[in-house]
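Below: the structure, in structure tokens.
Derivation of every value follows stated rules applied to the coordinates shown; laboratory data play no part. Just so it is clear, the structure is predicted and the values come from calculations on it, not from any experiment. Here the Cβ is made from the backbone with ideal geometry for all residues, glycine too, and neighbour counts use every protein chain on show.
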Amino acid sequence: MSERTTPTSRRRLAWILAGRFLASRKRGKLLSFITWIALGGVTVGVTALVVVIGVMTGMQNELREKILGSQPHVRVRQAGMSLRLDDWKRVVDVVENVDGVVAASAVGFTRVGLQASDFVDVLDLYGVDLEGEGEPLTPMEDSLRSGRIALPDLAGGATPVALGIGMAARMNVLDGDTLTVIALENWDWGPNGDPVFRIEDWVVSGIFETGMYDFDLRQGYAGLDDVQRLLKLDETVASFVGARVEDPWEADEMADRVEEALGGWPYIVDSWTTDNRQLFSALKLEKLAMALILSLIVLVAALNIVGTLIMVVVNRTKEIGILKAMGLTRKDTLRAFMFQGLWIGVVGTFAGLGLGLTLAILIERYKLIPIPPDVYFVDRLPVELSAGDILWIAGVSLLISVLATIYPARQAAALEPIEAIRHE
């Protein structure tokens, strides 16, 4: 080798040698069989990581959107044995003036019994302030106010109620059917010492579907004034005040600010993340565990790279010795073998990213994998990938691939020309 060769030309030489070492000795075959195995291992590992991380992220985001579709970001309650908040209009005014709060509204809540024909069930009934002038508290409240989910004034003064599609199916009712609503709170004692419940006939005016199986099975909505009447509450009393904030992920911080604005006790302020902390903690832990487990696939692929390069060193020992006798330096040899591992890592990583993204798009677009909604809250496997997920998957794969080249590259670089040429 000429001493006047430039660093660029020597790097080019290393790339050429890397390509020749990866290629098959037989004509007509682009790569050797062991190279294909190593390349396939990286591709499969990256593909699995992309799809599984996409599923876990999609599940987190899907559940968050479903939950926030019908739950406020922040909830203000009043301390006490019953879920009652006095003078809710004043509380709403205070909460709305907190910086970062977009909307605040009173909500009524109670658990009622439903009866249709001979079937009886229990419903979580929410009362929404349909006459509110401010921003809607949740997408569900927006749908109720705008009439997309109907709660109209009915003829004869009948009370309208909107049911989740799961509850409507269980009760076997449709729009316009009459239900018997049994208030399970504020009941009285009869003359014989028996409990007497308040019972009214309400009319199903709308059926909604949130996509959250548990919500659709047990939730219903009515006007706030109707819930207050059912519970014999004054119009100044609600169950709690909900608030929507600019950033849902800062709901904990906003809850502290709202509580400070209200002066603390007797008000208790919590966030949607507090109510669902166990669910999202479990999903986060599961995502981390799956990432670690599937990273082992990439690690196994890295071992294939090590094996591939060691086989190259063994099979090409004599050729390496001849090249070293002609002037190939230790650094050139080291670089050539590291380029081999880098080539396998780069091609395998990008092939895996392409295949993984394709599978993720197909699963999401065509809803290829249905799942039991009563177990997983949603009826299909959602997939969603962020740029950050893609970058760390690619980074981990490339890093492992490069690290896998160090040992065989050093072994090749350490070969002495005379001993390598004599190798049989």
- Ordered by fewest other Cβ atoms within 10 Å, a rough proxy for footprinting exposure, ASP214, ASP201 read ASP201, ASP214
- Task: Pop a pseudo-label 7 angstrom from the Cα along the beta-carbon direction at both ASP99 and ASN186 and give the gap in nm to one decimal.
- Result: 4.0
- Query: Which distance in nm do the two modelled labels at GLU286 and MET311 give, with both placed 7 Å along the Cα-to-Cβ direction?
  - Reply: 3.9
- Item | Phi to ³J(HN,Hα) by Karplus 6.51 cos²θ - 1.76 cosθ + 1.60 over segment 396-411, Hz, x for Gly, Pro | 4, 4, 5, 4, 4, 5, 5, 4, 5, 8, 4, 4, x, 5, 5, 4
- Note on the structure: At 37 °C and 0.692 mPa s, the Stokes-Einstein diffusion coefficient in µm²/s for segment 84-193, with hydrodynamic radius from the Kirkwood sum on alpha carbon pairs, is 200
- Query: Can you give the relative contact order of segment 218-338 as a percent, counting alpha carbon pairs under 8 Å and 6+ residues apart?
  - Reply: 12
- Message: If the elastic network links every pair of Cα atoms under 10 Å, which of GLY147, GLY395, GLY193 fluctuates the most in the Gaussian network model of the chain?
- Response: GLY193
- Task: Using Cα centres only, tell me the gap between segment 51-113 and segment 315-357 in whole Å.
- Result: 57
- Message: Given the options PRO248, PHE350, MET81, identify the residue whose Cα lies farthest towards the positive end of the charge dipole of the chain (+1 on Cβ of Lys, Arg; -1 on Cβ of Asp, Glu).
- Response: PHE350
- Query: So what is the relative contact order for segment 80-264, in percent, with contacts set as C-alpha pairs under 8 Å and at least six apart?
  - Reply: 34
- Express the relative contact order of the chain as a whole percentage, based on alpha carbon pairs under 8 Å and six or more residues apart in sequence. 28
- Note on the structure: Exposure proxy check on LEU83, LEU262, LEU49: fewest-to-most Cβ neighbours within 10 Å is LEU83, LEU262, LEU49
- Highest GNM mean-square fluctuation among GLY156, GLY341, GLY211, for the chain with Cα springs under 10 Å, belongs to GLY156
- Connecting every pair of Cα atoms under 10 Å apart in the chain and solving the GNM, the largest mean-square fluctuation among LEU151, LEU288, LEU224 falls on LEU288
- Pairs of Lys in the chain closer than 22 Å at Cα, counting only those 8 or more apart or on different chains: 8
- Helix-only [θ] at 222 nm, the chain, -39500 (n - 2.57) per DSSP H run of 4+, per residue, nearest 500, equals -17500 deg cm²/dmol
- Using θ = phi - 60° and Karplus 6.51 cos²θ - 1.76 cosθ + 1.60, couplings along segment 46-60 (whole Hz; Gly, Pro as x): 5, 4, 4, 4, 4, 5, 5, 5, x, 5, 5, 5, x, 5, 4
- Least to most buried among TRP187, TRP15 (fewest other Cβ within 10 Å first): TRP187, TRP15
- Enumerate the calculated ³J(HN,Hα) couplings along segment 294-306 in order (Karplus 6.51 cos²θ - 1.76 cosθ + 1.60, θ = phi - 60°), each rounded to whole Hz, writing x wherever the residue is Gly or Pro. 6, 5, 5, 5, 5, 5, 4, 4, 5, 5, 5, 5, 4
- Item | Efficiency of FRET between ASP153 and LEU368 - r from beta-carbon atoms, R0 56 angstrom, step 0.05 | 0.80
- Message: Which of rounded, prolate or oblate describes segment 197-321 when judged by the alpha-carbon gyration tensor and an a/c cut-off of 1.5?
- Response: prolate
